[in-house]
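Rule-based calculations on the coordinates, nothing more; no lab input. Just so it is clear, the structure is predicted and the values come from calculations on it, not from any experiment. Because the Cβ atoms are built from the backbone with ideal geometry, glycine has one as well, and the counts that use them run over all protein chains shown.
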Amino acid sequence: MSGHLAVVGLGPGDARCLTPEASEALAAAQALYGYGPYLDRVPARAGQTRHASDNREERARAATALQHAAQGARVVVVSGGDPGVFAMAAAVCEEIEAGPETGRTLDVTIVPGITAMLAVAARIGAPLGHDFCALSLSDNLKPWDLIERRLDAAAGAGFVLALYNPISRARPWQFGAAIERLRRHLPASTPVVFGRAVTRPSEQIDIVTLDRADTVEADMATLVIVGSRETRVIRRPGKLSLVYTPRSAAEVSA
Ligand code: SAH
């Protein structure tokens, strides 16, 4: 029997955000691998084994899951959101490239999921309605000065920014430094959206301006969207404001 490895995106939290394709892949698994809190979101099924590991052990998890699949099992590795966005699909590819030949002969499927920036954007309108880019503020896997150069380039070029991994216990100052950096390029009135634990019971959305962005508390479950010069806020009585970026930009023709 030939093994199979699927890397499955669980979406931002709410089970309704899981795609039918992801549900099918989870149901067919003989073994599930992933970060413990993500595995906890997967309903228990008889006959499935579960292998929880720490969030920072992605390469080791990928190697173990590949070995298990190479023995002939149907193995699933889970990721929050989309597995291809700062997550396990790239770790699995890195391991397939660097690891033993058996990894390259396996069937591998990547099952997409709703990534955090899309879940947050949908809550408040259409901030990603025109050109945008996604950046992780984590300097675990890249140097901080590269992050600063990318912030400069993206904000300077007029992209809306979706900032993943804004802060953690081990990275307390980076988010403040990133906001400080963005103030060099963008007006104080630029809309900034904080989406925390979106689609989960503790969801919280805050809409502020760039000059106040460092007064809002972000955590590891927060995604931050920083608007461009084009991004607008529509105030609505008794309702959350709508934040959107129009589909045309000053120097871009249709
Ligand atoms: N693969 C995931 C991202 C992993 S990086 C995805 O596609 O969403 C982890 C970061 O994702 C967190 O630090 C946070 O910035 C963001 N994130 C994940 N789930 C979130 C949620 N429900 N609400 C807001 N941000 C979330």
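Brief remarks follow.
- In the set (1) under 18 Å from Leu151 (Cβ atoms); (2) away from the ligand (no atom under 16 Å from the Cβ); (3) in contact with an Asp or Glu (Cβ under 7 Å, 6 or more places away or on another chain), Leu210 fails one condition alone, (3).
- Checked against (1) closer than 19 Å to Gly84 by Cβ; (2) touching a residue at least 12 places away in the same chain (Cβ under 8 Å); (3) within 15 Å of the chain's Cα centre (by Cα), Asn140 passes all but a single condition, namely (3).
- Listing of helices (runs of 4 or more DSSP H) fully contained in segment 68-173 that carry 1 or more residues being crowded, with 21+ Cβ neighbours inside 10 Å and within 14 Å of the ligand (Cβ to nearest atom): 88-98, 116-124
- Cβ separations smaller than 9 Å between residues 6+ apart or across chains give the following pairs from segment 229-251 residues that are surrounded by fewer than 11 Cβ atoms within 10 Å (Cβ to Cβ) to residues that are among the aromatic types (Phe, Trp, Tyr): Ile234/Tyr244.
- Subset of segment 33-54 that is surrounded by 22 or more Cβ atoms within 10 Å (Cβ to Cβ) and not hydroxyl-bearing (Ser, Thr, Tyr) - its residue that is farthest from Met220 (Cα to Cα): Val42
- Segment 1-16: number of residues that are surrounded by 19 or more Cβ atoms within 10 Å (Cβ to Cβ) and within 16 Å of the ligand (Cβ to nearest atom): 8
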